[in-house]
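Student: Have a look at the structure that comes next, please.
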Amino acid sequence: MVRMKQLARACTLVSIVVGMMAHATTTGAAFAQQTPRQVIIEVKDSSENDDYLCWSPEPARAKLVSPESSPVGIMLSSASLAGGGEVWFQIDNGVRPSSATFSPTAELNLSLPGDGSWVTFWIAGHRPSIGSKDVNVVATDDAGNQVGSLPVMVRVRKDAETLTLVEINQFLSALATIHNVRNGGVDSLLDKHVFAHEQAFNMGIHTSFAGPPLFLAWHRAFLLDLERELQSVDPRVTLPYWRFDQPAPKLFTPDFFGSVPENPTIPGAYLVEFSPTNPLFGWRMNDGGGALVRSSNGSINTPYPNDRLTLILANPRNDRYGRINSDVEQNYHNNAHTFINGWLNSGASPRDPLFFLLHANVDRAWAHWQAQLNKFNPTDPTAYSAQGTYEQATAGPVLFRKGSYAGDMMWPWSNVAGDQGTADLFDDWPTRAYPMPVVPGAEGPPLPPKPVDMLDYLDLAGQGLAHGTCYDDIDFSGRLIGAGN
């Protein structure tokens with residue numbers, strides 16, 4: 001009887017243990033089922049420092065964090081803050097998109113393998129951000145659950161008049177850091193830009209109608225150099241442009257780029273006034289330039305009427321690079337310098353930071369011409385006039401200085417100096433050179449750059465060499481967006 005009771009008690013204990021184990025197994029299964037599904041999204045690579053997009057398509061990928069028994073379908077879309085950026089997507093068929101094959105959509109369906117393998121796709125900016133990573137790339141599964149997201153920024157060059165207060169402060173702070181205006185440090189990063197432009201000016205990068213071809217191409221590289229310096233300080237920053245064929249009442253104020261008296265009774269050069277809270281307050285140069293001076297603003301009166309660029313682009317004679325290079329310089333660029341005057345009216349004009357906004361608008365004019373006539377092909381002599389290299393040109397009559405031909409490396413990003421002190425006036429750049437800055441996620445141009453590398457800045461050919469910069473009024477396909485030209 002006692003043994004029967006003990007046996008019954010033992011059976012009961014076994015039942016309890018088995019029941020507990022079954023309960024634990026069931027609970028574990030339920031817990032596993034309730035574990036949230038997660039998807040990792042990466043743009044360019046795993047670093048968050050390069051999650052900055054333009055209009056050009058960039059490689060991206062997604063995968064499941066935890067393995068599953070079967071593939072999982074997800075939908076990619078973008079969600080942004082009010083008024084913020086937007087990105088679009090395209091499936092990856094194994095070939096990098098070109099302007100002819102890129103047709104992105106606002107949503108993209110992907111099937112992620114259950115084993116956690118990566119699935120690649122293409123992503124591109126569709127609407128500009130406002131001073132931050134204000135757009136999330138969002139992954140939603142078939143059940144409607146958000147399973148992954150990645151903040152990115154659509155970073156484009158904008159009309160200075162359209163910048164928000166946040167964007168203005170970011171730009172001014174980065175520019176002040178580059179120049180080190182507060183303590184007047186002799187190692188200011190801006191000094192090299194002043195020296196480089198003054199030397200290049202003396203070497204003839206500015207033209208006449210029969211002059212060398214470097215004006216547009218060299219200045220595009222020059223702008224990219226400073227923009228990357230700024231992005232090394234603050235990756236959210238791009239160079240805005242001063243659209244000098246329209247009034248710019250926001251730009252020419254003490255809180256932004258400074259002002260001088262409007263319509264002064266006595267013409268002359270005036271000290272530029274900045275607000276004490278402006279990061280540019282006290283702007284001076286260490287090369288004897290002193291305090292910043294200008295003769296006028298562009299807030300009411302403008303150097304050119306607002307149809308000037310339209311007329312230049314519509315001129316049928318400007319169907320080749322040599323003509324547009326000269327026409328933009330002579331009839332769109334020059335008077336912008338002389339209108340403001342002061343520091344802008346010399347070869348050392350980058351002493352005035354307005355130089356870079358002025359030339360961003362000049363570069364924008366070239367970009368509009370390229371888009372209008374499809375002038376991005378580096379081997380097309382109508383897209384860039386001086387084909388070949390300087391060494392090839394020496395076999396015949398040398399027309400242009402070394403560094404001007406399509407295949408030449410450009411000074412100051414490469415030391416292209418030749419035989420100093422010889423009679424060869426076409427090969428005598430200064431020996432001082434500066435490497436082009438590199439920022440995370442920027443594929444192109446090849447370094448050191450050549451004039452030909454400046455043409456396809458958006459990588460329309462799909463070579464993977466986009467500069468990482470673009471304008472707010474021209475999309476990847478060359479269509480006008482926003483205010484147009």
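Student: Between region 138-155 and region 256-273, what is the C-alpha centre distance in whole Å?
Tutor: So the two Cα centres are separated by 50 Å.
Student: A follow-up question, please. Which listed residue (I130, L163, Q38) has the Cα farthest towards the positive end of the charge dipole for the chain, taking +1 on Lys and Arg C-beta and -1 on Asp and Glu C-beta about the Cα centre?
Tutor: So the residue furthest toward the plus end is Q38.
Student: What relative contact order, as a whole-number percentage, does the chain give when Cα pairs under 8 Å and 6 or more residues apart are counted? Please list the in-between numbers first.
Tutor: Numbers: 925 pairs, mean separation 68.6, N = 485.
So the answer I get is 14 percent.
Student: Around M285, which amide H atoms from residues at least 5 apart in sequence, or from another chain, sit under 5 Å from its own amide H, with H modelled in the peptide plane?
Tutor: Result for M285 returns G290.
Student: Report, in deg cm²/dmol and to the nearest 500, the calculated mean residue ellipticity at 222 nm for the chain, where each DSSP H run with n ≥ 4 adds -39500 (n - 2.57) and the sum is divided by the residue count. Mind showing how you got there, number by number?
Tutor: Numbers: 9 runs with 128 residues, N = 485.
Rounded to the nearest 500, it is -8500 deg cm²/dmol.
Student: Here's a follow-up. What do you get for the angle between helix 189-202 and the principal long axis of the chain? Use alpha-carbon atoms, 0 to 90 degrees, nearest ten.
Tutor: Compared with the principal axis, the helix lies near 40 degrees.
Student: Shape verdict for region 71-119, please, from the Cα gyration tensor: rounded (a/c under 1.5), prolate (a/b greater than b/c) or oblate. Spell out each step's value before the answer.
Tutor: Values: a/c = 2.87, a/b = 1.19, b/c = 2.40.
Verdict is oblate for region 71-119.
Student: What does the highest-first list of 50-58, 143-151 look like by mean Cβ count within 10 Å? Walk me through the numbers before you get to the answer.
Tutor: Values: 50-58: 24.9, 143-151: 15.1.
Sorting 50-58, 143-151 by mean packing, highest first, produces 50-58, 143-151.
Student: Okay, next question. If you build the Cα gyration tensor of region 286-401 and take the root of 5 times each eigenvalue, what three semi-axes come out, in whole angstrom, biggest first? Don't jump to the answer; show the numbers that get you there.
Tutor: On the way: eigenvalues 184, 88, 23 Å².
With the √(5λ) rule applied to region 286-401, the semi-axes are 30, 21, 11 Å.
Student: Next question, about the same structure. Which net charge results for the neighbourhood of Q38, defined as the other residues with beta-carbon distances under 13 angstrom from its beta-carbon, given Lys and Arg at +1 and Asp and Glu at -1?
Tutor: Details: positive: R37, K63; negative: E68, D141.
Residues close to Q38 contribute a combined charge of 0.
Student: Going toward the positive end of the dipole of region 160-454, with +1 on Lys and Arg Cβ and -1 on Asp and Glu Cβ, which of P303, A196, A348 do you reach last?
Tutor: The listed residue farthest towards the positive side: P303.
Student: Which aspartates and glutamates, on any chain, are close to K192 with Cα under 17 Å apart, when same-chain ones fewer than 8 places away are left out?
Tutor: Within the straight-line cut-off, K192 pairs with D225, E227, E229, D287, D352.
Student: Over region 160-454, with a single point scatterer placed on each C-alpha, what log10 of the ratio I(q)/I(0) does the Debye formula yield at q = 0.07, 0.08 1/Å?
Tutor: Normalising to I(0) and taking log10 leaves -0.26, -0.34.
Student: Here is a follow-up. Give, rounded to the nearest 20 debye, the magnitude of the charge dipole that the chain has about its Cα centre when Lys and Arg contribute +1 at Cβ and Asp and Glu contribute -1 at Cβ.
Tutor: Details: 34 positive and 49 negative charges, 237 e Å.
Its charge dipole is roughly 1140 debye.
Student: OK, next. Here is the link list: K63/K133; K375/K402; K133/K250; K44/K250; K158/K450. Which ones come out longer than 29 Å on Cα distance? Please list the in-between numbers first.
Tutor: Values: K63/K133 22 Å; K375/K402 23 Å; K133/K250 25 Å; K44/K250 36 Å; K158/K450 26 Å.
Cα-Cα > 29 Å for K44/K250; rest within.
Student: Work out the length of the dipole vector of region 319-384 about its Cα centre, built from +1 on the beta-carbon of each Lys and Arg and -1 on the beta-carbon of each Asp and Glu, and round it to the nearest 20 debye.
Tutor: So the dipole magnitude of region 319-384 works out to roughly 20 debye.
Student: Now a separate question. Could you tell me how many degrees, from 0 to 90 and to the nearest 10, lie between the Cα long axis of helix 165-179 and the main elongation axis, the longest principal axis, of the Cα atoms of the chain?
Tutor: It works out to around 60 degrees.
Student: Here's something else I'd like to know. Quick check: the angle from helix 214-233's long axis to the longest principal axis of the chain, C-alpha only, nearest 10 degrees?
Tutor: Helix 214-233 sits roughly 40 degrees off the main axis of the chain.
A short reminder: the numbers here are calculations on the coordinates, not readings from a lab. Everything numeric in this text was worked out from a predicted model, so none of it was measured. Reconstructed Cβ throughout: ideal geometry from the backbone, glycine too, with neighbour counts over all protein chains shown.
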